[in-house]
Amino acid sequence: MHIEEQRFRHSPNAVSSEVLDEMVIYCPATSQALSLNESARAIWELCDGTRSVNDICAELARTVGGEPADLRGDVDAAISRLRDLGVLLPASS
Amino acid sequence: MGRNDFQEAYLCFERHCVAIRSESPEVFAFLNRFAGRMLSPERKGKKCGSLKIVANGEGWSLRDGEEDPRQVMRPQLATRILLHAAMKCVIRVRQDLLWLHAGAAAYGGRAVLLCAHSANGKSSTVSELLERGWSYLSDEIAPLDVIGGSVLPFPLNPHKRVNDGTTLEHDDALRLSKVAVDLDVNRVAAHAVRIAHIYFLSWAPEAVQLEAERCSPSRAVLELMANSLALDEGRRGEIGNMCLLMGRVPAMTLRFADPRDAAQHIREQMGAAVRDSTHALAHEHPTVAIQQA
């Protein structure tokens, strides 16, 4: 499967908490945490296991304006960080 | 040695206390030096732990409940380990509070929380604020009531690192010895104080001037987590509490070479906050002003 067709879901172990427009995600397994700004938080929330990376880019483009392709780098980077933290998993796993 | 040879004192926090037993007056002399304001010869409140220190020819050994004793050679280090063990007992029974490695001081009924890793100016900044007439809450351990948005007094005796004027690299500061800070007993806060600002301190000897930067709420939560004293089982719950707190209290990072600059900045910010609240009060309650007139 091409990377743009991949789908991701939240790890059941992830602890997330809102703080104003931002969010903090904590992974108990690694004792690491990440702060998400408004954009990163939107990407996290769109990773619901049903949307592909392409879908997420398109959804964000509708919300914030611009072309989906222009958002691809930011989406990939955010997903990569969240996967490294262990709080985002491939939907198929 | 018989049971009656042991003396007992209690480290007290709010409605709990930890019993500390030793047969050595030297142990209590050391404890008094670090935690005199929190020690009582009588039990106050519910006992939540029991610690025993035995002094022998090889040094001191600490027994925590039924655990095997830990051998510690130097009394000063043993005292700190003892205090940390006592603190863990208190944290275990007060998981409703957020426990941070932080200093806290108050002025005009509002408190600032100063978070930093060791040797980053926490105690020195608290000391500078005390010299400017502020009240003392803590210079190392700060228990926070998140619902009330306040910090409770945890008045271990304040100490700060002293430098003889030698130019230091950052890592050198950890090797500086600590000295007690003179503290007027009337300047120790007796009750919880509402938190007005949270500062994350960074001592940087190379800094030319103080650098103050607004800290985003989510980043502030990460900083709080890095300074948390929570036991592992309390980790999950504390994140929600930290987010709740940081949604209400502004946070800044301060980078400085001289703690006097940090204290001056904090004082100015607090002055502005007090002025703003007075102004807001006047507008929120105009009828009170009319009646008084």
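So here's what we get for this one:
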{"quantity": "Check on B:E206, more than 16 Å from A:V15 (Cβ to Cβ), of a type in the set (D, E), surrounded by fewer than 17 Cβ atoms within 10 Å (Cβ to Cβ) and in contact with a strand residue (DSSP E or B) (Cβ under 6 Å, 6 or more places away or on another chain)", "calculated": "no"}
{"quantity": "Near pairs, Cβ below 9 angstrom, 6+ apart or cross-chain, from the range B:211-234 (more than 9 Å from every other protein chain (Cβ to nearest Cβ) and surrounded by fewer than 16 Cβ atoms within 10 Å (Cβ to Cβ)) to any residue that is assigned to a loop (DSSP other than H, G, I, E, B) and at pLDDT 95 or above", "calculated": "B:R214/B:P250"}
{"quantity": "Number of positions in the range B:2-47 that are open to solvent by 10 Å² or more (accessible area, probe 1.4 Å), in a helix (DSSP H, G or I) and touching a helix residue (DSSP H, G or I) at 6+ places or on another chain (Cβ under 7 Å)", "calculated": "3"}
{"quantity": "Residue in the range A:9-20 that is open to solvent by 40 Å² or more (accessible area, probe 1.4 Å), touching an Asp or Glu at 6+ places or on another chain (Cβ under 6 Å), of a type outside the set (A, V, I, L, M, F, W, C) and within 14 Å of chain B (Cβ to nearest Cβ) present", "calculated": "no"}
{"quantity": "Subset of the range A:40-61 that is in a helix (DSSP H, G or I) and in contact with an Asp or Glu (Cβ under 7 Å, 6 or more places away or on another chain) - its residue that is farthest from A:M23 (Cα to Cα)", "calculated": "A:N54"}
{"quantity": "Residue count, the range A:30-39 (criterion: farther than 21 Å from A:V64 by Cβ and either facing chain B (nearest Cβ under 7 Å) or in a helix (DSSP H, G or I) (or both))", "calculated": "1"}
{"quantity": "Close pairs (8 angstrom Cβ cut-off, 6 or more residues apart or separate chains): in contact (Cβ under 8 Å) with a residue 40 or more places away in the chain and within 14 Å of chain A (Cβ to nearest Cβ) in the range B:239-258, buried (at least 23 other Cβ atoms within 10 Å of the Cβ) and of a type in the set (F, W, Y) anywhere", "calculated": "B:A251/B:Y199; B:A251/B:F200; B:T253/B:Y199; B:T253/B:F200"}
{"quantity": "Within the range A:30-52, tally of residues that are on the phi > 0 side of the Ramachandran plot and free of Cβ contacts under 8 Å to residues at least 40 places away in the same chain", "calculated": "1"}
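Matching residues to (1) open to solvent by 60 Å² or more (accessible area, probe 1.4 Å); (2) at positive phi; (3) within 14 Å of chain B (Cβ to nearest Cβ):
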| residue | (1), (2), (3) |
| --- | --- |
| A:I25 | no, no, yes |
| A:P28 | no, no, yes |
| A:N54 | yes, no, no |
| A:G65 | no, yes, no |
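The values are calculated or read from the model by the stated rules, or taken from the named source; none is laboratory data. As the structure is a prediction and not an experimental result, all values here were calculated from the model. Here the Cβ is made from the backbone with ideal geometry for all residues, glycine too, and neighbour counts use every protein chain on show. Protein only, heavy atoms only, side chains kept; ligands, DNA and RNA dropped before computing areas. Shrake-Rupley method; radii C 1.70, N 1.55, O 1.52, S 1.80 Å.
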